[in-house]
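Here the structure is laid out as structure tokens; the discussion comes afterwards.
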Amino acid sequence: MAALKDRLSCFRHVLVTWDGGCAQEALQEFVSQVQASVASGGRVNVENVERLMMSAHADSSFDAVLLGLVPGSITVHGLDVLAEVARILKPGGSLLLQEPVDPQSAGVAGLRSSAQLSSTLTLSGLTEVTQILQEPVASEQMNRIMKTLGSSSSDVVSVTIAAKKPNYEVGSLRQLSLSRRPVSEKPSADPAAVKLWTLSANDINDEGVDLLDSDELLDQEDLKKPPPSSLRAGGCGEGSEKKRKACKNCTCGLAEELEEEKTKGAAPKPANSACGNCYLGDAFRCASCPYLGMPAFKPGEKVLLTPGQLQDS
């Protein structure tokens, strides 16, 4: 308790938590000692750890929080409780926590190891997590641990850990001071590098430079046009010669080749009349009519034009 008094001497507002395993006399005595240890004019609040989440404490209310330090306490403090402690602590405030741990615990259920407890404190937003004390558990307290927490390990010890809240509030804003170089100031350059990358007219002597002809870089094999089949992707054009099919999003030219073959094999479409007077004869036909020179015909009568007539028009 002497070490605890030294830690509490600079705090004015302290929160003490207790659980159902703490005797009333032990709680009263502990709170009296804490009240006598805090700074002059300070006050001590007492809260059941199981009701801490339902408390109406404002953000950044306490200089220090004491968890599980009342004699007889066996509470395993969850992440939600530790996060609530981080919320109600002032920036830079301290946490002192005492809790039974099992060095051989795998963290599945019940007690944690000291390392797991330290990790939980860090995850809750606290920093400077340090174990300051480790002591054996009293036999009466061990019986309650076995009965309440279901632990049968003989390696259970009680550890006291100190931690702090960072010196800023969660969600606070602060403008960054960035050093800016004046606009007029230019970065200095290495003279040797400047000379290396500087060229003058005297540095280039055309007579001493052998220029390469770009045509000489290619041989006759490079000038040959590759066969279209070598440019096709795998699977493109598979099938028989009459049922070749281009792949989706074809880029090798097979789709255009098949479309051209399809167009060549199609019969020429009959010409459509632009003015509607083609059947009346040349006197009524326009100058670009494909039926010029042909006799009149009945409306709707099928008249086929030869490819030569279509070409002449």
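The values are calculated or read from the model by the stated rules, or taken from the named source; none is laboratory data. The shown structure was predicted, so the numbers you read here are calculated from the model rather than taken from an experiment. Positions of Cβ are generated from backbone atoms using ideal geometry, with glycine treated the same way; all protein chains shown enter the neighbour counts.
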Can you pull out every residue in segment 229-277 that is surrounded by 13 or more Cβ atoms within 10 Å (Cβ to Cβ), under 56 Å from the mean Cα position of the chain (by Cα) and modelled with pLDDT under 75? Arg232, Ala233, Cys236, Gly237, Arg244, Cys252, Gly253
Just a yes or no: is a residue in segment 49-72 surrounded by 13 or more Cβ atoms within 10 Å (Cβ to Cβ), among the polar types (S, T, N, Q) and more than 41 Å from the chain's Cα centre (by Cα)? no
Does any residue of segment 25-36 turn out to be part of a helix (DSSP H, G or I), of a type in the set (Val, Ile, Thr) and either surrounded by fewer than 18 Cβ atoms within 10 Å (Cβ to Cβ) or out of contact with any Leu (no Cβ under 7 Å at 6 or more places or on another chain) (or both)? yes
State yes or no: is Glu169 modelled with pLDDT under 75, of a type outside the set (Val, Ile, Thr) and part of a loop (DSSP other than H, G, I, E, B)? no
Within segment 132-149, work out how many residues are under 23 Å from Leu95 (Cβ atoms) and surrounded by 15 or more Cβ atoms within 10 Å (Cβ to Cβ). 4
Between a first residue in segment 20-41 that is free of Cβ contacts under 8 Å to residues at least 40 places away in the same chain and closer than 17 Å to Val65 by Cα and a second residue that is of a type in the set (Gly, Ala, Ser) and surrounded by fewer than 18 Cβ atoms within 10 Å (Cβ to Cβ), which pairs have beta carbons less than 7 Å apart while being 6 or more apart in sequence or on different chains? Ser37/Ser9; Ala39/Ser9
Restricting to segment 112-128, what's the tally of residues that are without any contact (Cβ under 8 Å) to a residue 40 or more places away in the chain, more than 12 Å from Val159 (Cα to Cα) and assigned to a helix (DSSP H, G or I)? 3
Can you tell me which residues in segment 15-43 are under 24 Å from Gln141 (Cβ atoms) and among the hydrophobic types (A, V, I, L, M, F, W, C)? Leu15, Val16, Trp18, Cys22, Ala23, Ala26, Leu27, Phe30, Val31, Val34
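Look at segment 187-207 and say how many of its residues are in a loop (DSSP other than H, G, I, E, B) and at pLDDT below 70. Working first, answer last.
Kept after step one, since they are in a loop (DSSP other than H, G, I, E, B), are these residues of segment 187-207: 187-190, 197-200, 204-205.
Narrowing further to those that are at pLDDT below 70: 199-200, 204-205.
So the count comes out to 4.
For every residue, the table says whether it meets (1) touching a strand residue (DSSP E or B) at 6+ places or on another chain (Cβ under 6 Å); (2) at pLDDT 90 or above; (3) part of a loop (DSSP other than H, G, I, E, B); (4) not acidic (Asp, Glu).
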site	(1), (2), (3), (4)
Ala56	no, no, yes, yes
Ser73	no, no, yes, yes
Gly92	no, yes, no, yes
Leu96	yes, yes, no, yes
Gly110	no, no, yes, yes
Give all pairs with beta carbons closer than 8 Å in which a residue from segment 253-265 that is at positive phi and of a type in the set (S, T, N, Q) meets a residue that is at pLDDT below 80 and exposed (fewer than 10 other Cβ atoms within 10 Å of the Cβ); count only pairs at least 6 apart in sequence or on separate chains. none
Looking only at segment 98-118, decide whether some residue is in the same structural domain as Ser32 (by TED's automatic domain parsing) and within 16 Å of Leu52 (Cβ to Cβ). yes
Among the residues of segment 1-48, write down those that are over 26 Å from Ile145 (Cβ atoms), within 46 Å of the chain's Cα centre (by Cα) and among the hydrophobic types (A, V, I, L, M, F, W, C). Leu8, Cys10, Phe11, Val14, Val38, Val44
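Taking the options Val81, Val44, name whichever one is in a strand (DSSP E or B) and surrounded by 15 or more Cβ atoms within 10 Å (Cβ to Cβ). First the steps, then the outcome.
On the way: Val81 fails: in a strand (DSSP E or B).
The conditions single out Val44.
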Only one residue in Val16, Val44 is under 19 Å from Lys164 (Cβ atoms), in contact with a helix residue (DSSP H, G or I) (Cβ under 8 Å, 6 or more places away or on another chain) and at pLDDT 85 or above, so which one is that? Val16
